[in-house]
Amino acid sequence: MTEDNPFKKPPPAFRPLNIHILTVTDTRSAKEDGSGNYLAQAVQDGEHIVHSRDLVRDELYDIRARVSVAIANPEIQVVLITGGTGMFPRDITTDAVELLFERKIDGFGEMFRAVSYEEIGMSTIQSRAVAGIANKTLIFCLPGSTGACRTAWEKIIRKQLDPRIESCGFTRVFNMWDKQ
């Protein structure tokens, strides 16, 4: 209950999440990782914790192996992957990761393309951004551009990971898992 509305419950308490950031690239080094750097700063600004960060080449089994290690770590609740979600032959992140999903979050890709349309127009249809859940870990596969990562974080992910902003976001899933 709140003072202004006695029937409205206060938002759930904020819980910082441990987030792993993985950049998929054949061309960038850690120093040149603009999208990974943006995500790391955004995670910290959002009061979450950058648990770990890594770069991996655009190789199907290398990507899958790195994500498998992250989701096997009980300390990590979220994996943010940047890069490899386009239409070119080397863009294989989605192919590597979707196999690991126990549940795909269809709405994420749909919403990402919808909000991206406002920024980049019809080019958004080339994005294969996806999200899912594997081993009680949320996984988001984002394009490799810093702008696309900013769009995904600011307009979708940040709000879903902070119950003070979006009380029925993904944090409810963590609360259910805690009770099991």
Taking the alpha-carbon centre of each part, the distance from the stretch 86-107 to the stretch 10-28 in Å is 18
Helix 34-45 sits off the longest principal axis of the Cα atoms of the chain, rounded to the nearest 10 on a 0 to 90 degree scale, by 10
So the angle from the long Cα axis of helix 106-120 to the longest Cα principal axis of the chain, reported in degrees to the nearest 10, equals 70
In debye to the nearest 20, the charge dipole size for the chain, taken about the Cα centre with +1 at each Lys and Arg Cβ and -1 at each Asp and Glu Cβ, equals 320
Here the percent of antiparallel bridges among DSSP beta bridges lying wholly in the chain, to the nearest 5, is 30
The ³J(HN,Hα) series, computed from each phi in the stretch 71-85 with the Karplus coefficients 6.51, -1.76 and 1.60 at θ = phi - 60°, rounded to the nearest Hz and given as x for glycine or proline, is 6, 7, 7, x, 7, 9, 9, 9, 10, 9, 10, 10, x, x, 10
Residue span PHE7 to MET87: 0.36 nm per residue of separation minus Cα-Cα distance leaves a gain in nm of 23.9 nm
Across the stretch 18-178, qualifying lysine pairs (alpha carbons under 26 Å, at least 8 places apart or different chains) come out at 5
For the chain, the accessible surface attributable to carbon and sulfur atoms (probe 1.4 angstrom, ligands and nucleic acids excluded) amounts in percent to 53
Cβ-Cβ cut-off under 14 Å around ALA134, Lys and Arg +1, Asp and Glu -1: the net charge is +3
Computed over the stretch 18-178, protein heavy atoms only, probe 1.4 angstrom, the accessible area per residue in square angstrom equals 48
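The values are calculated or read from the model by the stated rules, or taken from the named source; none is laboratory data. Note that the structure is a prediction, hence the values are computed from the model and not measured. Ideal geometry is used to build each Cβ from the backbone, glycine not excepted, and the neighbour counts take in all protein chains shown. These accessible areas exclude ligands, DNA and RNA; they are computed on the full protein's heavy atoms, side chains included. Shrake-Rupley method; radii C 1.70, N 1.55, O 1.52, S 1.80 Å.
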